[in-house]
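One structure is given below, encoded as structure tokens.
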Amino acid sequence: MSRTTIALFVGLVLGVTAAFGGFGPFLIVAVFGAVGLIVGLVLDGRIDLPRLLGRATERR
């Protein structure tokens with residue numbers, strides 16, 4: 001199992017925990033799942049976070 005998959009599951013578990021007894025549990029789980037997926041993609045190197053945020057490594 002890749003780090004992306006593990007991070008997605010962690011995000012989903014956190015979302016279910018946060019949604020317990022709250023309003024809009026589906027939305028909360030979807031948001032936490034997306035955050036977990038993004039973290040996993042960054043850890044796997046599939047997303048270049050500095051480039052995505054606009055911070056180039058080169059000086060202009």
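In this label model, residue 35 and residue 13 are separated by 1.6 nm, measuring between points 7 Å along each Cα→Cβ vector. For residue 38, the solvent-accessible surface computed with a 1.4 Å probe is close to 90 Å², ligands and nucleic acids excluded.
The values are calculated or read from the model by the stated rules, or taken from the named source; none is laboratory data. Since we're looking at a predicted model, the values are computed, not measured. Here Cβ is always computed from backbone atoms with ideal geometry, including for glycine, and neighbour counts include all displayed protein chains. Each accessible area value is taken on the protein alone, full model and side chains, heavy atoms only, with ligands, DNA and RNA left out. Shrake-Rupley method; radii C 1.70, N 1.55, O 1.52, S 1.80 Å.
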